[in-house]
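The values are calculated or read from the model by the stated rules, or taken from the named source; none is laboratory data. All figures in this text were calculated on a predicted structure; none of them were measured in a lab. Backbone-built Cβ (ideal geometry, glycine too); neighbour counts: all protein chains shown. Accessible surface areas use protein heavy atoms only, side chains included; no ligands, DNA or RNA. Shrake-Rupley method; radii C 1.70, N 1.55, O 1.52, S 1.80 Å.
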Amino acid sequence: MKFHRLARRELMAALGFLAPSLAGFAVFYLIPFGQSVLNSFQDRLGGGFTLSNYEELLLSSSFQKAASNTFWFTAISVPILVVVSLLLALLLNQRIFFRNWLRTAYVLPLVVPVASIVLVWQILFDWNGALNAGMEYFGFSRHDWMKSEWAGLVIVLVYVWKNIGYNVILFLAGLQNIPDHYYEIAGLEGAGPVRKLVGITLTYLTPTTFLVVLMSVLNSFKVFRETYLVAGAYPHDRIYMMQHYMNNMFLSLDVQKVSSAAVLMALCIMALVFVLFRTERIFRSYME
């Protein structure tokens with residue numbers, strides 16, 4: 001009886017501490033999303049039930065283009081980001097020259113405002129930017145990077161550069177939690193560097209890798225700010241993302257289409273997260 005009373009008291013104390021955050025989450029996220037779900041099934045605000053919003057959305061060429069670009073951006077940029085972050089973390093975990101300086105350099109994009117980051121990339125890839133100036137100096141013609149198929153590569157580079165520091169920190173934390181005697185025992189048994197990497201490092205980095213992939217996928221859906229500041233509301237077709245579509249529908253006050261697009265995007269994100277959790281659980285049970 002005394003134990004139950006103590007547990008109830010601790011539960012009430014925990015709920016008291018969580019109440020402000022839960023209230024903010026409900027007011028600014030949960031309730032608006034619920035309203036968006038309701039609006040997506042209405043022909044107008046306060047109207048009757050209909051599925052025409054989703055039918056029109058799926059048949060819209062603009063939505064199809066935005067969904068396709070978002071899918072390919074995530075499919076290409078996330079593996080690149082994860083692999084490069086892991087390689088850099090493995091490098092920075094060694095005793096190399098300027099290691100502390102390099103760690104600081106990779107973390108800097110996390111604390112620099114997005115507008116400043118975009119300004120740097122505009123200076124590089126603008127028609128009168130540094131890259132075109134260098135190409136012209138060596139006898140090559142200028143190229144309008146943000147209004148060609150190269151725009152997709154530019155956005156991938158911006159995304160990787162902006163998020164690589166956070167992933168490197170996570171991987172470094174995971175690497176430093178691996179006991180050193182595992183490598184010593186493997187070395188005594190004749191294991192080479194590749195065997196140690198696969199059998200020890202990558203195996204024990206599985207939880208960290210899962211977290212990095214999950215965060216990278218979620219961050220890939222938030223690249224709108226960078227794309228919008230670099231290329232505007234109507235960028236090249238190659239970098240017209242889901243957020244551009246929803247932003248343009250919002251500006252035209254088409255609440256039903258915005259809500260329908262938001263619901264579909266949320267469902268896709270939840271499906272990806274479910275697949276990641278399921279994959280990680282299967283892999284963990286296999287390793288055990």
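Its Cα gyration tensor gives the stretch 60-287 an equivalent ellipsoid; the semi-axes, largest first and in whole Å, are 36, 25, 14. Less than 5 angstrom separates the built amide H of residue 42 from those of 50, all sequence-distant by 5 or more or on a different chain. Across the stretch 247-260, rounded Karplus estimates of 3J(HN,Hα) from the backbone phi angles (6.51 cos²θ - 1.76 cosθ + 1.60, θ = phi - 60°) give 5, 5, 5, 5, 5, 8, 6, 8, 5, 5, 5, 4, 5, 5 Hz, Gly and Pro being marked x. With a 1.4 Å probe rolled over the protein heavy atoms of all chains, the accessible area of 142, 44 falls in the order 44, 142, largest first.
Accessible area per residue was computed with a 1.4 Å probe on protein heavy atoms; residue 182 scores about 80 Å². The charge dipole of the stretch 60-287, taken about its Cα centre with unit charges on the Cβ atoms of Lys, Arg (+1), Asp and Glu (-1) only, comes to about 300 debye.
Note on exposure: 159, 54, 29 ranked by accessible area (1.4 Å probe, complete protein assembly) read 29, 54, 159, with the most exposed listed first. The 3J(HN,Hα) values that the Karplus relation (6.51, -1.76, 1.60; θ = phi - 60°) gives for the stretch 61-77 are, in residue order, 5, 5, 5, 4, 5, 5, 5, 5, 4, 5, 4, 5, 4, 5, 5, 8, 6 Hz. Gly and Pro appear as x.
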